[in-house]
Structures are given as C-alpha cells and as structure tokens.
Amino acid sequence: MDVTLDAEHEELRRLVTETLGDEIAPLIRRMADRPRHGAGPDDTEIRALVWQALTGMGALGLNQSPAPGDRRGLRALAVLAERLGEVLYQGPLLDTVLTSEALLRCTPGPERDRFLKEIAAGASVAAAVRDGGVRPYDAPLTAGTAGGTVSAERRFVAFAAEADWLLIPGLTADGAHRTALVRSDRPGVHLRRHEELGRGELYAVRLTDAPVALWLTPEGDAESTWHELIASARTLQAAYLVGLARAALRLGTDRLKERRQFGAALARQQAPAFLLARLATRVDAAHLLTRQAAWEADTARDHRLTAGQALAMAAELARDTGRDVLHLHGAHGMTEASDAQLFYRRATVESRVLGSPARVRADVLPLLQAGRPGN
C-alpha cells in the first residue's frame, strides 16, 4: 500500500490551498453560518466566486479522467475535500462529483456524456443520500408511466435550492434499484428547508410526477454499484471531516497560546497540551486511513470496508475536536464572534449526514468478518 501523494496531487493541494486561501477562508466560514435565504448580496457573490474558482481549477472534472485505473480520481478528490473541510465550505461540490462517478458507471451514450460535460463546465447536483441512514438506495421511489416521471420523498438533501439537478436513488415497488436525474426547477419538485444546529442548507424534497431528465443505468449490478458509490461518498466525507478537525485543532492551538493563566500561556500547561497532542495524533490516523480508502478505490480494489472505517473514525474525531476546542475557548467560544462555535456546529451535523459512526460500522461489519481467517 502506498498512501503518499504523487507530484500531481501535491500540486493540486497547493492549488486548492491558494484558491481557498487564508484570506478568503473566514468569509467562506461566515457565509456558511448564514442561511442562503435572506442572505446579503455579499454572501451570494462569495458563493458564486467560490463555485467559479472551483470550476475554473477543474475540480468538477477530477474524477472524469479516462486513464485506466484512475477513472474516479478519488485521491485527488480527497485532497480537495480536506481543504473544503478546513474552510467549512458548504456547497454541492461533493454531491456533484459523486454524480459524475455514478454517470461514469452507466452505459455510455450521448445523454450520459452530455451531463458529464455539463458538470465539468459548472453544473451542480444535489444527491439525496444524506437521510441519516446507510442505505439511501433502498428508499421508496415510484416511476411514472413509461418512466417519464418520478415520485419520491427525501430528507436532508443538501443545497437542493441552489443545485441545478437532483440525483434521486431508490427502490421501486417491484424491487428494482433505479436512480433519476431531475431538474430542480421543474414542476412537481417541492423543497422545504430544515432548521438544524449547523445552520446549513438541508432540505426536505418531495417529487410529485416530476419530469425525469435521465435514468441512470449502471453497466453492472445496480445494488453493487450503489454500494461502491456510497463507499466513495464516505471516503470524501471522511476527508472533509479530517480537514474540519485539523482546522479546528489549529484554532484551539492558537487560542491556547493567547489565553493566559497565572502569568503564563495555557499552552504551557500539561493538561490542555496533552489534549491537543491526542487530537493531533487522531487527525493523522484518520487522514492516513482516508487516504488508504482513496488509494484502494483508484487502484480498483474493494474500498467499502476501509471507507466505512475511515468515515466512522473521522466522524468521531470531528465531533470530539469541535467539542474540545469549544471548551478550550471558554465562554468566548460560544459567542458569534468566535469561529469555535462554527466548527462545533458543523462537526455535529456533518458527522452524521451519512449515518452515525455506529450505524456505518454495523453496515461494514459483515465485510470485516468475511475477511477474517477461517471464514
């Protein structure tokens, strides 16, 4: 196993860090803290500029490489996802690249290729995979006459109001797994924003005979394909959470250097210093496990077990880091002026959007048992 970044990925990390640099990071974090509805013009402009920058650097086409063994480019996307977590980016990027992977696994054709080109050029997609469970492809879905429409209800669809398309997987009454791509502004599409701790962009989506632009038809078994897609989604979410934890840890370290007690910085006291050291070790471990999952995917290995383990580890890490850093900030950390409460809010929500750590571990437990000697 080789989890080191090659020169191309190192260059991508440098480019992403420059594009989403320390100057714009505070704006992105505060933009994320304010809901899109009723947001000021500055928020709208920042959202547009960030999306334009990501599109311009080719982020939406990172997993569309035709090179053998690198079709998904999950290692490159993990590099990008970590930086997105560091700046607390909220947007449809990860859902959009997941949709690209779903399309790449479908039977080639002009319609599929057209959507891939639209995505690479900047079209955005909100995927209905964040219902808090681990099998979103088993949610009920009803296809209309001749497959021209779809009806379904989904919860916690991120950024549905700003995405151009909606990706809706599900299970029909006859037991078939199907996935529809629907234009978000078409008749029959109804959105309702959830109110949640992270002040994010999560929506309840109800489709009532909504026109289907494309039914995704995998080349292989539909259920197996969705297992692999969810593993990719878990890998990217784990990378995002690792980035979130790393940035929160940096924030906590800086705060301890500033806070003073008995005439010395708190960073010099053993208890908080050891706490930060333990968190730093866990960040490195989760980072390496996430990188391993991405490497397995890009080298055509089964990455479902590693992806589940990485997400469970990163989710607990992000939640613990957000809580501990908030505690280290004291009362100031709970005020609107502090970024500590932003990291805590986002960690609380993002750590569960693809299922709680316990549910994710339970989902991949059969894979772990199957790999034991003697099984």
Item to check | Identity of the residue in segment 268-306, out of contact with any helix residue (DSSP H, G or I) (no Cβ under 8 Å at 6 or more places or on another chain), within 21 Å of Leu251 (Cβ to Cβ) and assigned to a helix (DSSP H, G or I), that ends up least open to solvent (accessible area, probe 1.4 Å) | outcome: Ala277
Checklist entry - Which residue pairs have Cβ atoms closer than 8 Å, lie 6 or more positions apart in sequence or on different chains, and pair a first residue in segment 52-65 that is more than 17 Å from Arg14 (Cα to Cα) with a second residue that is among the acidic types (Asp, Glu) and in a helix (DSSP H, G or I)? => result Asn63/Glu101
Checklist entry - Here are some conditions: (1) surrounded by 15 or more Cβ atoms within 10 Å (Cβ to Cβ); (2) assigned to a helix (DSSP H, G or I). Leu354 meets all but one. Which one does it not meet? => result (2)
Checklist entry - Residues of segment 141-151 being assigned to a strand (DSSP E or B) and surrounded by 24 or more Cβ atoms within 10 Å (Cβ to Cβ), which ones? => result Val150
Checklist outcome for this item: Restricted to segment 303-331 and to residues being within 20 Å of the chain's Cα centre (by Cα) and of a type in the set (D, E, K, R), the residue nearest to Trp226 (Cα to Cα) is Arg304
Checklist entry - For Leu88, are the conditions met, namely being farther than 18 Å from Thr225 by Cβ and either small (Gly, Ala, Ser) or part of a loop (DSSP other than H, G, I, E, B) (or both)? => result yes
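Does Leu214 qualify as being open to solvent by 50 Å² or more (accessible area, probe 1.4 Å), over 30 Å from Glu336 (Cα atoms) and touching a residue at least 40 places away in the same chain (Cβ under 8 Å)? Explain how you work it out, then say what you get.
On the way: open to solvent by 50 Å² or more (accessible area, probe 1.4 Å): no; over 30 Å from Glu336 (Cα atoms): yes; touching a residue at least 40 places away in the same chain (Cβ under 8 Å): yes.
Answer is no for this residue.
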Checklist entry - Of the residues in segment 312-345, how many are of a type outside the set (Asp, Glu), outside any helix (DSSP H, G or I) and open to solvent by 50 Å² or more (accessible area, probe 1.4 Å)? => result 2
Item to check | Whichever residue in segment 175-206 is under 15 Å from Val150 (Cα atoms) and charged (D, E, K, R) and, among such residues, is least open to solvent (accessible area, probe 1.4 Å) | outcome: Arg183
Checklist outcome for this item: Of the conditions (1) open to solvent by 20 Å² or more (accessible area, probe 1.4 Å); (2) modelled with pLDDT under 95; (3) among the hydrophobic types (A, V, I, L, M, F, W, C); (4) in contact with a helix residue (DSSP H, G or I) (Cβ under 6 Å, 6 or more places away or on another chain), the single one that Leu365 does not satisfy is (4)
Next on the checklist: Checking the structure you have, find out if any residue of segment 125-134 is of a type in the set (Lys, Arg), touching a residue at least 40 places away in the same chain (Cβ under 8 Å), assigned to a strand (DSSP E or B) and within 16 Å of Arg206 (Cα to Cα).
Outcome noted: no
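The values are calculated or read from the model by the stated rules, or taken from the named source; none is laboratory data. The structure displayed is predicted, hence computed values, not measured ones. All Cβ positions, glycine included, derive from the backbone under ideal geometry; neighbour counts span all protein chains shown. To get the accessible areas, we keep the full protein, side chains included, count just its heavy atoms, and leave off ligands, DNA and RNA. Shrake-Rupley method; radii C 1.70, N 1.55, O 1.52, S 1.80 Å.
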